[in-house]
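For reference, the structure discussed in these notes is given below.
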Amino acid sequence: MLEEVYASRKPVRFEQIDVDEIVLKHFPKGTGRTAVNEALKASVSSKITKNAADELVVRDDRGRAMLDPDARSIVITFRFDAAGTLTNVKAIYLKSQ
């Protein structure tokens, strides 16, 4: 999934590109939280920045801001219901500053 986002149109300057549809292709609504967690653990470049009962926020960085002229990031917010089922995704692709 992350490779598909990075292969899509690159953000320019402060642009934030909505990539919800790409994420939802890989994690459709109704996916269990455990499946999402397991898939994200496989990525060495991703880190969980928020882990609450109803929300999981993940950031993936490609390159290092200020050191890499092509540094980019993906920030994904997964929202879950009380049963741990995915109800919503908000994903943005941005140029790291």
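Numerical summary
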{"quantity": "Residue-averaged 222 nm ellipticity for the chain, from DSSP H runs of 4+ at -39500 (n - 2.57), nearest 500", "calculated": "-6000 deg cm²/dmol"}
{"quantity": "Solution diffusion estimate, µm²/s, Stokes-Einstein, the stretch 1-95, Kirkwood Rh from C-alpha pairs, 10 °C, viscosity 1.306 mPa s", "calculated": "116 µm²/s"}
{"quantity": "Efficiency of FRET from Cβ geometry, TYR6 and GLU55, R₀ 22 Å, rounded to 0.05", "calculated": "0.40"}
{"quantity": "The stretch 71-85 and the stretch 1-24: distance between their alpha carbon centers, rounded to Å", "calculated": "15 Å"}
{"quantity": "³J(HN,Hα) computed for each position of the stretch 78-88 - Karplus, 6.51 cos²θ - 1.76 cosθ + 1.60, integer Hz, glycine/proline x", "calculated": "9, 10, 10, 7, 4, 8, x, 9, 5, 10, 7"}
{"quantity": "Selected from ASP61, ASP81, ASP20 as most flexible by GNM, with the chain as the system and alpha-carbon contacts under 10 Å", "calculated": "ASP81"}
{"quantity": "With DNA, RNA and ligands ignored, accessible area of TYR6 (1.4 Å probe; Å², nearest 10)", "calculated": "10 Å²"}
{"quantity": "Charged-residue dipole, Cβ positions (Lys, Arg, Asp, Glu), the stretch 1-73 about Cα centre, Debye nearest 20", "calculated": "140 debye"}
{"quantity": "Cleavage-rule hits, trypsin sites (Lys or Arg not before Pro), the stretch 1-41, DSSP coil, Cβ neighbours within 10 Å at most 14", "calculated": "ARG9, ARG13, LYS29"}
{"quantity": "³J(HN,Hα) computed for each position of the stretch 43-51 - Karplus, 6.51 cos²θ - 1.76 cosθ + 1.60, integer Hz, glycine/proline x", "calculated": "8, 6, 8, 8, 9, 7, 9, 8, 9"}
{"quantity": "Heavy-atom surface of the chain, accessible at 1.4 Å and reported per residue (Å²)", "calculated": "59 Å²"}
{"quantity": "Per-residue HN-Hα couplings for the stretch 6-16 [Karplus 6.51, -1.76, 1.60; θ = phi - 60°; Hz; x = Gly/Pro]", "calculated": "5, 7, 6, 3, 7, x, 10, 6, 9, 5, 10"}
{"quantity": "Sequence-distant residues sharing a close amide H with VAL19 (under 5 Å, placed H)", "calculated": "ALA91, ILE92, TYR93"}
{"quantity": "The chain - percent of accessible surface contributed by carbon and sulfur, probe 1.4 Å", "calculated": "54 percent"}
{"quantity": "Charge dipole of the stretch 1-49 about the Cα centre (unit charges at C-beta), most positive-ward option of ALA35, ILE22, TYR6", "calculated": "ALA35"}
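The values are calculated or read from the model by the stated rules, or taken from the named source; none is laboratory data. These numbers were taken from a predicted model, which means no experiment stands behind them. For neighbour counting, all protein chains shown are included, and Cβ atoms are generated from backbone atoms with ideal geometry for every residue, glycine included. Keep in mind that these areas ignore ligands, DNA and RNA; they rest on the heavy atoms of the full protein, side chains included. Shrake-Rupley method; radii C 1.70, N 1.55, O 1.52, S 1.80 Å.
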